[in-house]
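J.: Mind having a look at this structure? Questions to follow.
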């Protein structure tokens, strides 16, 4: 009976360690995905503003179309889900005032 209890105790200890390792791996993966989304959001914002500057300034409606066009390019990447892209699009569209301020600069020449 004593050996059975020790075996059960060891089994529970191993299971706890494995569960902790799996939880840590998932947390790190989510953190990595969050960083990747943040970088993509910053990159997309720069692309959107650059497109708008090249057009010489745009209305809010035109800005939304540019956001959709830029994020359509991101949609071709397998890294992001549709929900993530939809959230990113909404975030960019909600940032219209900030983007409008950035667009007041001179258009970039290529």
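None of the figures in this text is laboratory data; all of them are computed from the coordinates on show. Since the model is a prediction, treat every value here as computed from it, not as a measurement. Ideal geometry is used to build each Cβ from the backbone, glycine not excepted, and the neighbour counts take in all protein chains shown.
J.: Could you give the length gained by full extension between residue 59 and residue 104, i.e. 0.36 nm per residue of separation minus their alpha carbon distance, to one decimal place?
T.: The span from residue 59 to residue 104 would gain 15.0 nm if fully extended.
J.: Under a plain spin-label model, where a point goes 7 Å from the Cα along Cα-to-Cβ, how far apart in nm are residue 4 and residue 43?
T.: 5.9
J.: Working out 0.36 nm times the residue gap between residue 87 and residue 72, then minus their Cα-Cα distance, what length gain in nm do you get to one decimal?
T.: Between residue 87 and residue 72, full extension yields an extra 4.1 nm.
J.: Taking R0 as 22 Å, what FRET efficiency do you get between residue 33 and residue 94 from their Cβ-Cβ distance, rounded to the nearest 0.05?
T.: Efficiency, rounded to the nearest 0.05: 0.55.
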